[in-house]
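Working notes for the structure below.
None of the figures in this text is laboratory data; all of them are computed from the coordinates on show. Just so we're clear, the structure is a prediction, and the values are computed from it rather than from any experiment. Please note: Cβ atoms are built from the backbone with ideal geometry, for glycine as well, and neighbour counts cover all protein chains shown.
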Amino acid sequence: TRTDKGGHKHFMAKEIAEQPVVVAEAIRSYLPTGSDRVVLPDTDLDFSKLDRLTMVACGTAFYACLTAKYWFEQLARMPVEVDIASEFRYREPPITDRTLALFVSQSGETADTLAALRYCEGKADKIVSVVNVPESSIARESDLALPIHAGVEIGVASTKAFTCQLSVLLMLALKAAADRGTLDDDALADHAAALRGLPTLLNAALDQEEAIRKSAQRLSEARDVLFLGRGLMYPLALEGALKLKEISYIHAEGYASGELKHGPIALIDKHMPVVVMAPRDAVFDKTVSNMQEVMARKGKVILVSDDDGIADAKDGVWSTIRMPHAHASVAPILYSVPAQLLAYHTAVAKGTDVDQPRNLAKSVTVE
Ligand code: G6P
């Protein structure tokens, strides 16, 4: 049934393992077979008529928005603002009738996110939500609700909802790029192919579970862990740190690699594991030099990268987690798997209550 653990020890493990299937479902629903154009359910949404995108969410959904900011800016050349819901409306941000207000929420019931949506009513051109529960309050109060098709998520720490949110947001950015004429047909076809290839890559990432479990075993002895990433991997570093602290209770922080020298480098010593998320992409060399700054101070680097990246940067790292090579735009979706599995196996090694972490709720309906 939809709500048993299907042979897994925890719902979180089951939900991590389901990702190739549910992400494929999300992609199929917006990218019809045989076409490279993203199709949204009955809407006249036209990004060429908009000046700005404002995205608002909490927790893991907020990190999905931070990732999407890179996509909307780079692919669709659209100015984007991202905020956490509890800060957004008290700032009284100006919202114009050429702003698209976009709310991302797994449950569709988070009180702060709903309040932020209501703040935008009557101000924004359109209110769009990306939700897992189509009959939720946030979905009902939106002009357009886009389902992520993740299926019921039970583990308090969000996993499959995150990768499905990312997939839908990337497709929305591609729709924006097509509307605004910022990507040509070849580029759109290239991104569509990358998305369609993603479920296979997610399976390959899941095949690395044993290597990830070994790294997690080492992490479980740490008091603090730092996650580093650059570009599209920066929001994922934040998400990796959030997952780890939520379920293993180890203090973790995510940082942009380049910001390391402005503070957290002071914390690095031989007791500090540093997880570096770095596919061999355009910013890889810069990340490697940040990683070397960590190793020069005896920090213990866990490098998550592809074959090329591991071959280039491996000397002196504590351990490596090997990912298949991926198109840059889908890499944050792929690298979510090792981030989730690292947190999961660290928590299992520590014997914490993975599906019901202390003090946390699946859906927060108070402000
Ligand atoms: C809680 C959950 C998180 C979730 C956040 C936002 O903190 O524990 O996993 O990311 O709420 O929830 P939403 O349902 O709005 O995505």
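Key figures for this structure:
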| item | result |
| --- | --- |
| Of all residues making up region 121-141, the number that are more than 21 Å from the chain's Cα centre (by Cα) and aliphatic (A, V, I, L, M) | 2 |
| Of all residues making up region 294-339, the number that are touching a residue at least 40 places away in the same chain (Cβ under 8 Å), among the polar types (S, T, N, Q) and within 30 Å of A189 (Cβ to Cβ) | 2 |
| Filtered residue count, region 83-103, keeping only those that are within 16 Å of the ligand (Cβ to nearest atom) and not aromatic (F, W, Y) | 8 |
| Matching entry among R218, R196, R213 (being within 27 Å of S105 (Cβ to Cβ) and surrounded by fewer than 18 Cβ atoms within 10 Å (Cβ to Cβ)) | R196 |
| Those helices (runs of 4 or more DSSP H) lying entirely in region 138-247 with at least 2 residues in contact with a strand residue (DSSP E or B) (Cβ under 6 Å, 6 or more places away or on another chain) | 160-180, 209-219 |
| Region 124-144: number of residues that are within 20 Å of V364 (Cα to Cα) and of a type in the set (A, V, I, L, M) | 5 |
| Residue match in region 351-366 (condition: farther than 30 Å from A85 by Cβ and in contact with a Lys or Arg (Cβ under 7 Å, 6 or more places away or on another chain)) | no |
| Residue within region 232-241 that is over 18 Å from S336 (Cβ atoms) and surrounded by fewer than 24 Cβ atoms within 10 Å (Cβ to Cβ) present | no |
| Residue in region 104-122 that is among the hydroxyl-bearing types (S, T, Y), touching an Asp or Glu at 6+ places or on another chain (Cβ under 7 Å) and within 11 Å of the ligand (Cβ to nearest atom) present | no |
